[in-house]
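The values are calculated or read from the model by the stated rules, or taken from the named source; none is laboratory data. Treat the numbers as computed from the prediction; the structure is a model and nothing was measured. Using ideal geometry, Cβ is built from the backbone for each residue, glycine included, and neighbour counts are taken over all protein chains shown. Surface accessibility is based on the protein's heavy atoms, side chains included, excluding ligands, DNA and RNA. Shrake-Rupley method; radii C 1.70, N 1.55, O 1.52, S 1.80 Å.
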Amino acid sequence: VVDPCGGGMTIPLEAADVQAGPCQYACVGIGGDVDADPLVCAMANAEAAGRHAPAVGVLRWDGGALPLRSGIADAVVSDLPFGKRCGKPGQRGGLYSRVAREAARLLRPGGRAVFLCCGKKSFDVLEAGGRGFLKALARERITMELEA
């Protein structure tokens, strides 16, 4: 599982938790972020969770230009930046398009990509970026309601 916009690496850490048996991982989680600050937290999270190579890889990279070979991933899963802490909302379109193209490049035949993004317009940009490479199978609207 590759997370191109990993931040604190929640997705790769959870992916690495899928085990085939004692001490043998069925899944390797690889993720990265363009900003070094979340990666420091990610390394601490991995250490605290007891995750070590080869089960989890944490790298500093640009999610739209990944240093991985083509066809390496069964899945690309990412909670994409919403533009709250990472630039302005209007700036995320270019990133979303590049991430979609990179996901298509990384996926093995039959692989799947799952992206969490903010709003229909963001999904449209993501879908347009992957056009010709990725096919949208489903769009799900998720609303979170919190109770105090």
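Residues in region 111-121 that are touching a residue at least 24 places away in the same chain (Cβ under 8 Å) and over 13 Å from the mean Cα position of the chain (by Cα): 111, 118. Residues of region 77-95 that are at pLDDT below 85, part of a helix (DSSP H, G or I) and either open to solvent by less than 50 Å² (accessible area, probe 1.4 Å) or closer than 18 Å to residue 65 by Cα (or both): 91, 92, 93, 94. Of all residues in region 59-70, those satisfying the criterion of being of a type outside the set (Lys, Arg) and touching a Leu at 6+ places or on another chain (Cβ under 7 Å) are 63, 64, 66, 68, 70. Here the condition is being under 30 Å from residue 132 (Cβ atoms), part of a loop (DSSP other than H, G, I, E, B) and modelled with pLDDT of 85 or more; of 69, 105, it holds for 69 alone. Quickly run through region 108-148 and pick out the residues that are closer than 18 Å to residue 78 by Cβ, open to solvent by 80 Å² or more (accessible area, probe 1.4 Å) and part of a strand (DSSP E or B). Matches in region 108-148: 108, 112, 114.
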